[in-house]
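Student: Mind having a look at this structure? Questions to follow.
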Amino acid sequence: TIQLVDELPEKDYVTIKEAIPAIKLVQVIHVIDEGSIEDAIKVSGYVDAILLDSGNPRLAIKELGGTGRVHDWKLSRKIKESIKIPLFLAGGLNAANVRQAIDEVEPYAVDVCSGVRTNGNLDKKKLDLFFNAVRF
(Lines give C-alpha, C1' and ligand atoms only; values in the text may rest on other atoms or scores of the structure.)
Protein backbone atom coordinates (compact mmCIF):
# COMPACT_ATOMS: atom_id res chain seq x y z
CA THR A 1 0.00 0.00 0.00
CA ILE A 2 1.21 3.48 -0.87
CA GLN A 3 -0.20 6.57 0.85
CA LEU A 4 -0.08 9.59 -1.44
CA VAL A 5 -0.02 12.82 0.59
CA ASP A 6 -0.13 15.28 -2.31
CA GLU A 7 -2.28 15.37 -5.41
CA LEU A 8 -1.14 13.71 -8.62
CA PRO A 9 -2.18 14.17 -12.22
CA GLU A 10 -4.81 11.52 -13.04
CA LYS A 11 -2.50 9.81 -15.54
CA ASP A 12 0.02 9.11 -12.75
CA TYR A 13 -2.47 6.93 -10.86
CA VAL A 14 -2.86 4.81 -13.99
CA THR A 15 0.91 4.65 -14.46
CA ILE A 16 1.45 3.45 -10.89
CA LYS A 17 -1.29 0.81 -11.16
CA GLU A 18 0.08 -0.46 -14.48
CA ALA A 19 3.64 -0.63 -13.12
CA ILE A 20 2.66 -2.33 -9.84
CA PRO A 21 -0.75 -4.00 -10.35
CA ALA A 22 -0.92 -5.50 -6.85
CA ILE A 23 -0.32 -2.17 -5.11
CA LYS A 24 -3.11 -0.45 -3.20
CA LEU A 25 -3.25 3.35 -3.31
CA VAL A 26 -4.55 5.55 -0.50
CA GLN A 27 -4.94 9.22 -1.44
CA VAL A 28 -4.85 11.87 1.28
CA ILE A 29 -7.42 14.62 0.83
CA HIS A 30 -6.88 17.70 2.97
CA VAL A 31 -10.29 18.86 4.16
CA ILE A 32 -10.25 22.61 3.64
CA ASP A 33 -13.61 23.59 2.16
CA GLU A 34 -16.42 22.32 -0.09
CA GLY A 35 -13.85 21.91 -2.89
CA SER A 36 -12.40 19.01 -0.91
CA ILE A 37 -15.56 17.03 -1.69
CA GLU A 38 -14.96 17.38 -5.42
CA ASP A 39 -11.27 16.54 -4.96
CA ALA A 40 -12.21 13.27 -3.25
CA ILE A 41 -14.83 12.35 -5.84
CA LYS A 42 -12.35 13.06 -8.66
CA VAL A 43 -9.62 10.74 -7.35
CA SER A 44 -11.89 8.05 -5.91
CA GLY A 45 -12.03 6.26 -9.26
CA TYR A 46 -8.25 5.85 -9.30
CA VAL A 47 -7.43 4.82 -5.72
CA ASP A 48 -8.42 2.10 -3.28
CA ALA A 49 -9.14 4.37 -0.31
CA ILE A 50 -9.25 8.01 0.74
CA LEU A 51 -7.64 9.36 3.91
CA LEU A 52 -9.07 12.66 5.12
CA ASP A 53 -6.64 14.87 7.04
CA SER A 54 -6.10 18.44 8.13
CA GLY A 55 -3.47 20.56 6.47
CA ASN A 56 -3.38 22.85 3.49
CA PRO A 57 -1.44 21.99 0.33
CA ARG A 58 -2.40 25.39 -1.13
CA LEU A 59 0.01 27.29 1.15
CA ALA A 60 3.40 28.49 -0.10
CA ILE A 61 4.94 25.87 2.19
CA LYS A 62 2.50 23.00 1.88
CA GLU A 63 0.95 21.49 5.00
CA LEU A 64 0.55 17.82 4.11
CA GLY A 65 -0.60 16.47 7.48
CA GLY A 66 0.80 16.08 10.94
CA THR A 67 -0.70 19.38 12.05
CA GLY A 68 -2.56 18.01 15.07
CA ARG A 69 -5.57 20.09 14.00
CA VAL A 70 -9.13 18.87 13.62
CA HIS A 71 -10.95 19.68 10.39
CA ASP A 72 -14.67 20.05 9.66
CA TRP A 73 -16.21 16.60 10.21
CA LYS A 74 -19.42 17.70 8.50
CA LEU A 75 -17.41 18.02 5.28
CA SER A 76 -15.78 14.67 6.02
CA ARG A 77 -19.22 13.07 6.30
CA LYS A 78 -20.27 14.63 2.97
CA ILE A 79 -17.15 13.17 1.38
CA LYS A 80 -17.88 9.73 2.85
CA GLU A 81 -21.40 9.86 1.42
CA SER A 82 -20.05 10.92 -2.00
CA ILE A 83 -17.54 8.12 -2.59
CA LYS A 84 -17.79 4.35 -2.86
CA ILE A 85 -14.38 3.37 -1.46
CA PRO A 86 -13.13 3.06 2.14
CA LEU A 87 -12.53 6.32 3.98
CA PHE A 88 -9.89 6.74 6.69
CA LEU A 89 -10.15 9.70 9.07
CA ALA A 90 -7.16 11.58 10.49
CA GLY A 91 -6.52 15.10 11.70
CA GLY A 92 -6.16 16.06 15.34
CA LEU A 93 -7.71 12.88 16.69
CA ASN A 94 -7.17 12.05 20.35
CA ALA A 95 -8.90 10.18 23.17
CA ALA A 96 -11.20 13.14 23.90
CA ASN A 97 -12.61 13.47 20.37
CA VAL A 98 -12.18 10.19 18.48
CA ARG A 99 -15.52 8.71 19.57
CA GLN A 100 -17.37 11.83 18.35
CA ALA A 101 -15.39 11.73 15.09
CA ILE A 102 -16.33 8.08 14.52
CA ASP A 103 -19.98 8.75 15.33
CA GLU A 104 -20.19 11.79 13.04
CA VAL A 105 -18.18 10.57 10.04
CA GLU A 106 -18.48 6.76 10.28
CA PRO A 107 -15.06 6.14 8.71
CA TYR A 108 -13.73 2.74 7.71
CA ALA A 109 -10.78 3.39 10.07
CA VAL A 110 -9.01 6.18 11.94
CA ASP A 111 -5.40 7.35 11.75
CA VAL A 112 -3.72 8.91 14.78
CA CYS A 113 -0.26 10.31 15.41
CA SER A 114 0.19 13.44 17.54
CA GLY A 115 -2.90 12.63 19.62
CA VAL A 116 -1.13 9.70 21.28
CA ARG A 117 2.28 11.31 21.76
CA THR A 118 3.97 13.36 24.45
CA ASN A 119 7.12 15.30 23.52
CA GLY A 120 7.18 13.43 20.20
CA ASN A 121 7.17 9.97 21.79
CA LEU A 122 4.34 7.47 21.96
CA ASP A 123 2.57 7.78 25.31
CA LYS A 124 1.20 4.51 26.72
CA LYS A 125 -1.47 6.26 28.79
CA LYS A 126 -2.68 8.28 25.78
CA LEU A 127 -2.68 5.11 23.65
CA ASP A 128 -4.74 3.23 26.24
CA LEU A 129 -7.24 6.10 26.53
CA PHE A 130 -7.47 6.36 22.73
CA PHE A 131 -8.09 2.64 22.21
CA ASN A 132 -10.69 2.59 24.98
CA ALA A 133 -12.49 5.52 23.37
CA VAL A 134 -12.47 3.78 19.98
CA ARG A 135 -13.85 0.52 21.40
CA PHE A 136 -16.86 2.00 23.17
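The values are calculated or read from the model by the stated rules, or taken from the named source; none is laboratory data. On a predicted model such as this, the values are computed, not experimentally measured, just so you know. Here the Cβ positions follow ideal geometry from the backbone for every residue, glycine too, while neighbour counts run over all protein chains shown.
Student: Report yes if some residue within region 25-43 is more than 16 Å from the chain's Cα centre (by Cα) and among the small types (Gly, Ala, Ser); otherwise report no.
Tutor: no
Student: Would you please name the residue that is surrounded by the fewest Cβ atoms within 10 Å (Cβ to Cβ), looking only at residues in region 49-104 that are touching a helix residue (DSSP H, G or I) at 6+ places or on another chain (Cβ under 6 Å) and of a type in the set (Ser, Thr, Tyr)?
Tutor: 82
Student: Among the residues of region 1-12, is there at least one that is of a type in the set (Ser, Thr, Tyr) and either under 27 Å from residue 134 (Cα atoms) or part of a strand (DSSP E or B) (or both)? Quick ask: steps written out before the conclusion?
Tutor: Taking region 1-12 first, the residues of a type in the set (Ser, Thr, Tyr) are 1.
Subsequent filtering for residues that are either under 27 Å from residue 134 (Cα atoms) or part of a strand (DSSP E or B) (or both) retains 1.
Yes, region 1-12 has at least one match.
Student: So is residue 99 at pLDDT below 95, more than 14 Å from the chain's Cα centre (by Cα) and over 18 Å from residue 30 (Cα atoms) or not?
Tutor: Values: at pLDDT below 95: no; more than 14 Å from the chain's Cα centre (by Cα): yes; over 18 Å from residue 30 (Cα atoms): yes.
Spelling it out, it is not the case that residue 99 is at pLDDT below 95, more than 14 Å from the chain's Cα centre (by Cα) and over 18 Å from residue 30 (Cα atoms).
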